[in-house]
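Shown next, in structure tokens, is the structure this report addresses.
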Amino acid sequence: MANTYNQIYIHIVFAVKYRDAAIAKSWRQELYQYIIGLIERRGHKVYAVGGVSDHIHILVSLSPKQAISELVQEVKRASSLWIKEKRFVRCRFAWQEGFGVFSYGKSQIDNVVKYIQNQEIHHAKRTFRDEYVSLIKLFGVEYDAKYLFREME
């Protein structure tokens, strides 16, 4: 795509199915490195990957060659298989259906990176549910609360 230029910063958030605390500290960084590799091989630039035991945040500069939903689907599918192959969890591992995606400007990137890197500290005081609803409200996203945190899919 000659003469195509972009600067799109996207913050992606998704959870473990049923928000199980399935991502152990012992292999969390390895998972993040795997996800970074997946994303960068598709031509995007990763600024930060972080989270806690039940969800993950990714800040990426998105290439126009791939749709966000396609990228997230690939990351969830491939990382799920990778977690199973590595046998990091004893039970079946899956990501929750759906995801949140929020856009930022270049001047906000440092703050978003810090936010993602400090997830453990942040979640000592705040639940994922509170965090996610606050992001949705901050960005003015319309949502139906009955579908936001469905316990069963």
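The values are calculated or read from the model by the stated rules, or taken from the named source; none is laboratory data. Worth saying up front: this structure is predicted, and the values here are computed from it rather than measured. Glycine also receives a Cβ, built like all others from the backbone with ideal geometry; neighbour counts cover every protein chain displayed.
Within the bounds of segment 53-60, is there any residue that is out of contact with any strand residue (DSSP E or B) (no Cβ under 6 Å at 6 or more places or on another chain), at pLDDT 95 or above and among the small types (G, A, S)?
yes
If you check I23, I12, I68, which single one turns out to be of a type in the set (A, V, I, L, M) and surrounded by fewer than 18 Cβ atoms within 10 Å (Cβ to Cβ)?
Just one listed residue meets the conditions, I68.
Scan segment 20-51 residue by residue and report those that are small (G, A, S) and not in a loop (DSSP other than H, G, I, E, B).
Result: S26, G37, A48, G50, G51.
Name the residue that is nearest to the chain's Cα centre (by Cα), counting only residues in segment 87-114 that are without any contact (Cβ under 8 Å) to a residue 24 or more places away in the chain and closer than 20 Å to V60 by Cβ.
That would be K114.
Taking V13, is it part of a helix (DSSP H, G or I) and closer than 18 Å to Y132 by Cβ?
Answer is no for this residue.
List the residue pairs whose Cβ atoms are under 6 Å apart, where the first residue sits in segment 13-40 and is in contact (Cβ under 8 Å) with a residue 40 or more places away in the chain, the second is among the small types (G, A, S), and the two are 6 or more positions apart or on different chains.
Cβ pairs passing all conditions: V13/G100; V16/A22; K17/A94; I35/S79; L38/A78.
Could you pull out every one of the helices (runs of 4 or more DSSP H) wholly within segment 67-153 that has 3 or more residues that are within 20 Å of I35 (Cβ to Cβ)?
Hits in segment 67-153: 68-86, 109-117, 119-122, 128-138.
Go through the residues of segment 122-141 one by one and say whether even a single one is modelled with pLDDT of 95 or more, surrounded by 15 or more Cβ atoms within 10 Å (Cβ to Cβ) and among the hydroxyl-bearing types (S, T, Y).
Within segment 122-141 (the criterion being modelled with pLDDT of 95 or more, surrounded by 15 or more Cβ atoms within 10 Å (Cβ to Cβ) and among the hydroxyl-bearing types (S, T, Y)), the answer is no, since none of the residues qualifies.
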